[in-house]
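K.L.:
So that we are looking at the same thing, I have put the structure below in C-alpha cells.
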Amino acid sequence: MGSIRNAQKLFLFLHLCLCVFLAVIGPSFSSKLYVVYMGSRGGDGPDKILRQNHQILHDLHRGSVEEAKASHVYSYRHAFRGFAARLTEEQASQVAEMPGVVSVFPNTRRNLHTTHSWDFMGLLGEETMEIPGYSTKNQVNVIIGFIDTGIWPESPSFSDAGMPPVPAGWKGRCQPGEGFNSSTCNRKVIGARYYLNGYQAEEEQEKIVSYRSARDSVGHGSHTASTAAGRFVDNMNYSGLAAGGARGGAPMARVAVYKTCWRSACYDVDLLAAFDDAIRDGVNIISLSLGGDSPQGDYFSDAISIGAFHAVSRGVVVVASAGNEGSSGSATNLAPWIITVAASSTDRDFTSDIILGNGAHFAGESLSISKMNSPARIISAAEAYGGYFTPYQSSFCLESSLNITKAKGKVLVCHHAGSSTESKLAKGTVVKEAGGVGMILIDEADRDVAIPFAIPAAIVGNRVGYKILSYIKNSRKPTSKILSAKTVLGFQSAPQVAPFSSKGPNALTPEILKPDVLAPGLNILAAWSPATANMNFNILSGTSMACPHVTGIVALIKSVHPSWSPSAIKSAIMTTATTWNKHRKPIRAGPDGRKANPFDLGSGFVRPKQVLDPGLVYDATPSDYKAFLCSIGYSNRKLQLITRDNSTCSSKASSSALNYPSITVPDLKSSFSVSRTVTNVGRPRSVYKAVVYPPTGVNVTVVPKRLVFYRYGQKMRFTVKFEATAPTKGYVFGSLSWRNRRSWVTTPLVVRVDHST
C-alpha cells in the first residue's frame, strides 16, 4: 500500500510540474509573428525608437525582460518605425489599441513573380546604353536596391571592370555569411544584406537549401539584377539558344542586394527590414519582383505598400511586378506611389517543330534541347491511364497516372490547365518516367511560356492541340517527331500582353489604374545562379522579368534627371508609352488576340528612347499622397500616425483627383469633372493642344484646350469633364494627349457608367 501511495504522490507531483511548465510555455505555442507598424520615424532617433519598442514589449509581457527579448525579432527605426515580434492574438489586439500604432498584421508570405529585350525596345550598344542626344554616363552614381533572392556576384554580369569607386555617401555594407564575405562585393555590387528571421518563423528549416548569406542559391535575384543593370556579356546563351551579347538597361549602375526570399518564399517582417535598411543605405531605386496574392489588403496593412510609401517620401523610386495570376482584377502592388509593371512578349521566341505522320508541321513553345531522331507512335495520355486513375485524370499526366506498358516508346499528348511552370515541368518528368520518348502539352490557357523539358516536348494551344488529337483519332497508326528547340526572331506581332500577366481593374482603389505600364517579361535571358542546375544563364518568364526592365529605364532617367521626383519619373515612363506594336497595329492580349486595354497594359508598352524628353510630367508630392489617403477614408488621427506630422484632411476629394498620369472614373453617374496639373520639363517656350479619343458613350471636354508655357518648370492646371451620352456595358476606354510637334503626352481614360440612377 505504501508503494501505491508513493506512486500516487509522484504522479500528482509530475502532473503539477507539467501544468506549471505548460502555463509558462503556453503563450509561445500559441504565439506567431506579427508586424507592428507605427508610421514615419518622425524626429526620434533610431536608438530612442529601439528603446520604445522594447518598452512596449516589456509592458505586453507584464514586466518580464526575458520574455520581451525572446519575442522581439526586428525593430524598424531608420525610414519608419515599428517592430516585428512573436505575439499571441490577445497581445496583438492589445498592442493594436496602443497610442501611436497604425496597424498590426501577421507575417504574410509573398511569392516571386516568376538580352534581346533591350534591342527590341530600341536601346542598342554594349556598355554605354546611350540614348541619342543625352549622356547617361552618370548612371555610375545611380544605386539600385534589389529585394529578392540575393546575387551570384562572380557572374560576368556583375563585373566591376572599368567602374569608378563607390559613390560618396553610400552607407550600405557587405554582410558576411555562408559563401559570402565582406570582400565579396566590388565596385558593381556595392552592398549585400540578408534577412532570415521571418522565413525561419514560418517555414521548416530544411527548406533552406544553402547559403545563409546574400549569395543567391535560387537564381531569381541574379536574373532580375542583371536584367536591370547587368554588364555586357559576350555570347550569353541558354544551351546554345538565344546566343549573342546581352546586358541590362543601365549596365554601369550600381547594385545593392537585400536577400529576403528563400526558395521562392518571402515574408513581410523581412521585407520591411530590407526596406528600412535600403532607404537608410542610400539607394535611389528599389526593385521588387514579388508580391502577395490578390486581392490585396489595406495599403498600411501591406508590407510592400508601407515600405514603398516611406521610400517614395524620401525620393526613392519603387518598381514592382503586377503578378502572374492573369485574370481580371488580379493585379497586386496597387499603391499609387509604386510603378506597377505588366509583362509582354518580344519578337524573339523559342520553338520546337512537331512533325506528324501525315506531313503536318506545327511549332510549339519549348526550351528542350533534346530531339527525336525518328518518328514514334503518338497517343493521347488518356489512352495510357493506369492504376486508380480515370482516362480523364491521366490526360493531365499526373504523377503515377500513366501505365508504363502503354506509354513506353510513345509520344504522349497531355493537357495542362493551371498557371504553374513547375507542374508543366513535372508532366515532362512523369512522361519520361513512364517510358515516353516525347510529349506535346496542350496548354488550355494558351500560355506562351517556353519550358526546359527533360525530353523532346513542346507546348501548343487549344487550336493546334485539337488538330493533333483529331489526327490521332482518325489515323490507324499515328506517328510524330519532335525536334529540338530553336531561336526564332521576328516572331508574331510583338509586343503582345503575356497571358499570365495580372490585370486590372484595381481591386483596392478602382480610381487608380493598375498596372501602370507594360514591359518585356516572356522568355527573358539573363544571369543565373550556378548553384541551381549548374547554369550561368537562364530563360525565365513572368512579371518578375518585366519589372527590372522598367527599373533599368528608371536608372537611365535618374542618370540624366537626378532631381526628378519618383512621380515625375513614373509620369515620363507612362505618358511616352505606346499602345501600338512594331507593325503599327494595336497591341493584342488574350488567347483570342483581342485588342489590349489599359487593364492589360496600363498606359502602354515602355519606350526608353522617349522617356528622357517627355515634354510634360504629372508630378505628385507627399502632400498629394496624403490627400489621396484622406479620399479613401483615412481619418486625421490615422494620417498623423502614418506621417508623424500635423497633416489633416482639409477636404475629402475623389480618389480620381490624385495627380496621376491616368484618369479612371469607375462610377460615372451623369457627369464628373477631374483636374490635373502638368509641369513643363521640355522647351521653355512651348504650346500643347489637347487631342481626345473619348470612351464609347462618353463625351469628354478639356478646359483649357491649349496649354502655353513660357519657362521650364512652369505648372498649368486643366480640367477634364466626363458626360455619359449613351448606354455602355462595363468599362470603356479612351485617351487624352497633349500634343505639339515634338511630344505626345498621353493619358489613358478609363470610365464605367453607373446605371443605378
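K.L.:
Note down the net charge around Gly552, summing +1 for each Lys or Arg and -1 for each Asp or Glu among other residues with Cβ under 11 Å from its Cβ.
P.N.:
Details: positive: Arg247, Lys558; negative: none.
Surrounding charge for Gly552 is +2.
K.L.:
Relative to the Cα centre, what is the charge dipole magnitude of segment 384-464, using +1 at the beta carbon of each Lys and Arg, -1 at the beta carbon of each Asp and Glu, and rounding to the nearest 20 debye? Write down the numbers at each step before the final one.
P.N.:
Numbers: 8 positive and 7 negative charges, 63 e Å.
Once rounded to the nearest 20, the dipole reads 300 debye.
K.L.:
Provide the three semi-axes, in whole Å and in decreasing order, of the ellipsoid equivalent to the chain as defined by the square roots of 5 times the Cα gyration tensor eigenvalues. It would help to have the intermediate numbers written out before the result.
P.N.:
Details: eigenvalues 331, 313, 144 Å².
Ellipsoid half-lengths, sorted descending, are 41, 40, 27 Å.
K.L.:
Under the Kirkwood approximation for Rh and a Cα-based Rg, what ratio Rg/Rh is obtained for segment 255-316? Intermediate results must be reported in sequence, preceding the final value.
P.N.:
Numbers: Rg = 11.5 Å, Rh = 12.2 Å.
Ratio value, two decimals: 0.94.
K.L.:
Which order do you get for Tyr625, Tyr388 if you rank them by accessible area with a 1.4 Å probe, largest at the top? Could the numbers behind the result be given before it?
P.N.:
Numbers: Tyr625 15, Tyr388 230 Å².
The ordering from most to least exposed comes out as Tyr388, Tyr625.
K.L.:
Give the separation of the Cα centroids, segment 723-757 to segment 44-104, in Å.
P.N.:
A separation of 48 Å, based on Cα centres.
K.L.:
If you don't mind, there's one more thing I want to ask. Sequence gap at least 6, Cα distance under 8 Å: using those rules, report the relative contact order of segment 273-334 to the nearest whole percent.
P.N.:
On the way: 71 pairs, mean separation 26.4, N = 62.
Averaging sequence separation for qualifying contacts and normalising by length gives 43 percent for segment 273-334.
K.L.:
Find the relative contact order for segment 633-693 and round it to a whole percent, using C-alpha pairs within less than 8 Å whose residues are 6+ positions apart. Can you show the working numbers first?
P.N.:
On the way: 21 pairs, mean separation 12.8, N = 61.
Across segment 633-693, relative contact order equals 21 percent.
K.L.:
Convert each backbone phi in segment 359-366 into a coupling constant with the Karplus relation 6.51 cos²θ - 1.76 cosθ + 1.60 (shift: θ = phi - 60°), then list the ³J(HN,Hα) values in order as whole Hz, x for Gly and Pro.
P.N.:
x, 5, 10, 9, 10, x, 5, 6
K.L.:
Please report the net charge: other residues with Cβ closer than 10 Å to the Cβ of Thr487, K and R +1, D and E -1. Intermediate values should be presented prior to the final figure.
P.N.:
On the way: positive: Arg348, Lys486; negative: Asp349.
Net charge around Thr487: +1.
K.L.:
May I ask you to rank Val65, Val732 by accessible area, largest first, using a 1.4 Å probe over the protein chains only? Show your work: numbers first, answer last.
P.N.:
On the way: Val65 70, Val732 20 Å².
Sorted descending by solvent-accessible area, the residues read Val65, Val732.
K.L.:
Using the Karplus equation 6.51 cos²θ - 1.76 cosθ + 1.60 (θ = phi - 60°), what ³J(HN,Hα) coupling, rounded to whole Hz, does each residue of segment 737-753 give in order, writing x for Gly and Pro?
P.N.:
Those phi angles translate into 10, 9, 10, 9, 5, 9, 9, 10, 9, 9, 10, x, 10, 10, 9, 10, 7 Hz.
K.L.:
According to the square roots a ≥ b ≥ c of the eigenvalues of the Cα gyration tensor, what is the shape class of segment 541-618, taking rounded for a/c under 1.5, prolate for a/b larger than b/c otherwise, and oblate for the remainder? Before the final figure, lay out each step's value.
P.N.:
Numbers: a/c = 2.38, a/b = 1.79, b/c = 1.33.
The shape class here is prolate.
K.L.:
Quick check: from the Cα gyration tensor, does segment 533-583 come out rounded (a/c under 1.5), prolate or oblate? Walk me through the numbers on the way to the answer.
P.N.:
Details: a/c = 2.96, a/b = 1.53, b/c = 1.93.
Taking the square roots of the gyration eigenvalues as a ≥ b ≥ c, segment 533-583 is oblate.
K.L.:
While we're looking at this one, here's another question. Rounded to the nearest 500 deg cm²/dmol, what is the calculated helix-only ellipticity per residue at 222 nm for the chain, with -39500 (n - 2.57) per DSSP H run of length n ≥ 4? Intermediate results must be reported in sequence, preceding the final value.
P.N.:
Values: 18 runs with 188 residues, N = 757.
My calculation for the chain gives -7500 deg cm²/dmol from helical runs alone.
K.L.:
With Cβ to Cβ distances under 14 Å as the rule, what net charge do the other residues near Gly602 carry (K, R +1; D, E -1)?
P.N.:
On the way: positive: Lys503, Lys514, Lys570, Arg607; negative: Asp516, Asp600.
Neighbourhood net charge equals +2.
K.L.:
Here's another thing I want to ask about it. Could you tell me the extents of segment 385-477's C-alpha atoms along the three principal axes, largest first, rounded to whole Å?
P.N.:
32, 30, 23
K.L.:
In the chain, carbon and sulfur make up what percent of the accessible area (probe 1.4 Å)? Could the numbers behind the result be given before it?
P.N.:
Details: 15640 of 30140 Å².
It is 52 percent, rounded to a whole number.
K.L.:
Quick check on the chain: of the DSSP beta bridges with both residues there, what percent are antiparallel, nearest 5%? It would help to have the intermediate numbers written out before the result.
P.N.:
Values: 86 of 133 bridges.
Taking every DSSP beta bridge with both residues in the chain, the antiparallel ones total about 65 percent.
K.L.:
Is segment 138-276 rounded, prolate or oblate when judged by the Cα gyration tensor, a ≥ b ≥ c being the square roots of its eigenvalues, rounded requiring a/c under 1.5 and prolate requiring a/b larger than b/c?
P.N.:
Details: a/c = 2.06, a/b = 1.32, b/c = 1.55.
Cα axes put segment 138-276 in the oblate bin.
K.L.:
Continuing with the same structure: How many Å² of accessible area per residue for the chain, probe 1.4 Å? Walk me through the intermediate numbers first.
P.N.:
Working: 30140 Å² over 757 residues.
Ligands and nucleic acids excluded, the figure is 40 Å² per residue.
K.L.:
As a test of reading the structure, rank Tyr238, Tyr385 by solvent-accessible area (1.4 Å probe, protein chains only), most first. Intermediate results must be reported in sequence, preceding the final value.
P.N.:
Details: Tyr238 20, Tyr385 95 Å².
Correct descending sequence by accessible area is Tyr385, Tyr238.
The values are calculated or read from the model by the stated rules, or taken from the named source; none is laboratory data. Note that the structure is predicted; figures quoted are calculated from it, not measured. Note that each Cβ is placed from the backbone with ideal geometry, even for glycine, and that neighbours are counted across all protein chains shown. Just the protein is used for accessible areas: all its heavy atoms, side chains included, with ligands, DNA and RNA removed. Shrake-Rupley method; radii C 1.70, N 1.55, O 1.52, S 1.80 Å.
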